[in-house]
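Novice: Please find one structure pasted underneath; my questions will follow.
We did not get these values from a lab; they are worked out from the coordinates using the rules stated. Since the structure is predicted, the reported quantities are computational estimates derived from the model, not experimental observations. When we count neighbours, we look across all protein chains shown, and the Cβ atoms used for this are built from the backbone with ideal geometry, even at glycine.
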Amino acid sequence: MPDSLTANPPAGPQAVPTPAGTPPGRLRRAPEHFLSPAQIAQVQAGRRDFLAASFASAVSVPALLAAASAHAAAPAAAPTAAPAAAPAMPAGGGDPAILDKQPHATGLGQPVAATGYGQPSKWEANLQRRESPGLTRVPQASVSFAPLQGLFGIITPNGLHFERHHQGWWDIDPSQHRLMVMGLVRQPKVFTMDDLMRLPSVSRMHFIECGANTGMEWGNVAVPTVQYTHGMLSCCEYTGVPLSVLLDLCGIDRKRARFVLAEGADGSGMTRTIALERALDDVIVAWGMNGEMLRPENGYPLRLVVPGVQGVSWVKYLRRIEVGDQPFDTKDEVLHYVDLMPDGMQRQYSSIQECKSVITTPSGGQQLLGQGFYNVSGLAWSGRGRIRRVDVSFDGGRNWQTARLEGRPMTKCLTRFNIDWVWKGGPAILQSRAIDDTGYVQPKINQLRAVRGTRSIYHNNAIQSWKVAESGEVSNVQVY
Ligand SMILES: Nc1nc2c(c(=O)[nH]1)N[C@H]1C(S)=C(S)[C@@H](COP(=O)(O)O)O[C@H]1N2
Ligand SMILES: [Mo]
């Protein structure tokens, strides 16, 4: 590793005072890939088997990290790589970034509306949602993970929202899209987008988490960065009409109705049963996402928002709601999305995303470049309600301190937490533990395994551990 990465930052006049009264530490952002260029070439050449095998049997983390740091240390592939540390001050004193006239201070800048739809800075081009090559056989039935390590606050920008498609995504003409509501209703109806968008709407902030998020970590440590351990998670402000309004418009048969079925228009035939109680509570038939129409990848022009429930029930390209008197037991509820328990039985309809949290900075693949103050930051959420408290440990769970929650926690929504930390250069294990307003405490991985076994895929909400080595390298570990 180049010396510049391990050297302590010069404590010059620029040292910013921090709440903990120590100079700030520095951090190298997570490598955006955990595959070496050679491995990526192999994947591109169609050799995915070695990766599929590694994912199934837990990739060796040292190997991945070695690959990651090899990649990160390679000459910057693009001019957009994370900015290098500021050049050392010239002997004569004076910072050229201050003293020299910069082009942007002397030339004429860009005109308004140079791009009709604004784009992120070119310096941020490494912040991307990313697929796990080899995780699935075709990219139309795959996942791209949100780069949690690079996001602030709680809102996921629309272009970085994670994606999960079973049969590829579509950009459906909204003028040709229809939503049918039928079954146990007095008057079945078909709605156009115009019909729907004239109805009384609501806007609510909620997280969406795929039930399989963190699913690769059931047996052992499997992936190196928070993007891949927790990136099937996003949080938006959704706008739409409450499903209860549509059901009332159609005159739902309140005596017999117990469940509704939601069906998507894509070829995956995505269909999910939702209990009527929930359907009438906070479920939204949504077209808006962070102030604009849904993105095609996320179900444009219409998707179901089912707060607190695993992502699969948030049916995209929503085209049909059927009201019935029993669960529909569709393929995505019988064959898939069941939890294999230690006794060999399958647990079905376990839809709620239980209370969970993760530290996003510092996190796996990042590197602390010097001792000093760090703002440790992360996300907490619960499918049952609001986050009440987040505790953080720096010694693998022996001692806990309460983190600061940003803003007022909202129900079934991400909550950002922060806590001060001074790294003195020794090894540390960082963990966060969330508690929701039902009093539920996020479990340790061994507590979860004791009940659920190790052969599950879905609903792994265990405490995440990040190990900080004396070198400052941060890696994914499991602590019992
Ligand atoms: N029509 C349709 N809806 C769907 C899916 C799909 O493949 N087709 N995937 C589901 C799954 S498993 C998840 S986790 C979420 C992902 O939503 P996103 O792609 O907007 O992140 O959509 C759900 N709704
Ligand atoms: Mo999912």
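Novice: Give me D for the range 183-249 in µm² s⁻¹, whole number, from Stokes-Einstein with Rh from the Kirkwood sum over alpha-carbon pairs, 20 °C and 1.002 mPa s.
Specialist: 139 µm²/s
Novice: Separate question: Give me the distance in nm between label points sitting 7 Å out from Cα along the Cα-to-Cβ direction at Leu199 and Ser175, one decimal.
Specialist: So the label points at Leu199 and Ser175 sit 2.3 nm apart.
Novice: May I pose another question? Report the gain in length on full extension from Ser471 to Leu99: 0.36 nm times residue separation, minus Cα-Cα distance, nm rounded to one decimal.
Specialist: 130.4 nm
Novice: Ok, one more. What is the ratio of the Cα radius of gyration of the range 295-414 to 2.2 N^0.38 Å, where N is its residue count, to two decimals? Numbers along the way, then the final one.
Specialist: Values: Rg = 19.4 Å, N = 120, 2.2 N^0.38 = 13.6 Å.
In units of the 2.2 N^0.38 Å rule of thumb, it is 1.43.
Novice: What aspartates and glutamates sit close enough to Lys412 to cross-link, taking a C-alpha to C-alpha distance under 14 Å and skipping anything fewer than 8 places away on the same chain?
Specialist: By straight Cα distance, Lys412 reaches Glu209, Glu237, Asp281, Asp282, Glu354, Asp436, Asp437.
Novice: Then there's this: Treating cross-link reach as a plain straight distance, find the aspartates and glutamates whose alpha-carbon is under 12 Å from the alpha-carbon of Lys316, omitting any fewer than eight places away in the same chain.
Specialist: Within the straight-line cut-off, Lys316 pairs with Glu163, Asp171, Glu263, Asp266, Glu297.
Novice: Convex hull volume of the Cα atoms in the range 172-216, per residue, in Å³?
Specialist: Details: hull volume 7.5 nm³, N = 45.
Cα convex hull per residue, to the nearest whole number: 166 Å³.
Novice: Let me spell out the model: positive unit charges on the Cβ of Lys and Arg, negative unit charges on the Cβ of Asp and Glu, origin at the Cα centre of the range 356-477. What dipole size does that give, in debye rounded to 20? Walk me through the numbers before you get to the answer.
Specialist: Values: 17 positive and 8 negative charges, 117 e Å.
Dipole of the range 356-477, to the nearest 20 debye: 560 debye.
Novice: If you find the alpha carbon centre of the range 318-384 and of the range 117-193, how far apart are they in angstrom?
Specialist: Result: 17 Å between the Cα centres.
Novice: If you line up the Cα atoms of the range 356-477 on their principal axes, what length do they span on each, largest first, in Å?
Specialist: The Cα atoms of the range 356-477 stretch 40, 37, 23 Å along the principal axes, largest first.
Novice: Also, I was wondering about something else. Whole number please: convex hull volume per residue of the Cα set in the range 164-347, in Å³?
Specialist: Details: hull volume 22.3 nm³, N = 184.
Here the figure is 121 Å³ per residue.
Novice: Taking every pair of Cα atoms in the range 129-195, average 1/r, invert it to obtain the Kirkwood radius, and report Rg/Rh to two decimals.
Specialist: 1.15
Novice: Another question about this same structure. In whole Å, how far is the Cα centre of the range 260-302 from that of the range 218-255?
Specialist: If we compute the Cα centre of each part, the gap is 8 Å.
Novice: Let me ask something else about it. For the range 350-390, list residues with backbone N below 15 Å from a point placed 7 Å from the Cα of Arg408 toward its Cβ?
Specialist: Counting backbone N atoms under 15 Å from the label point, the list is 386-388.
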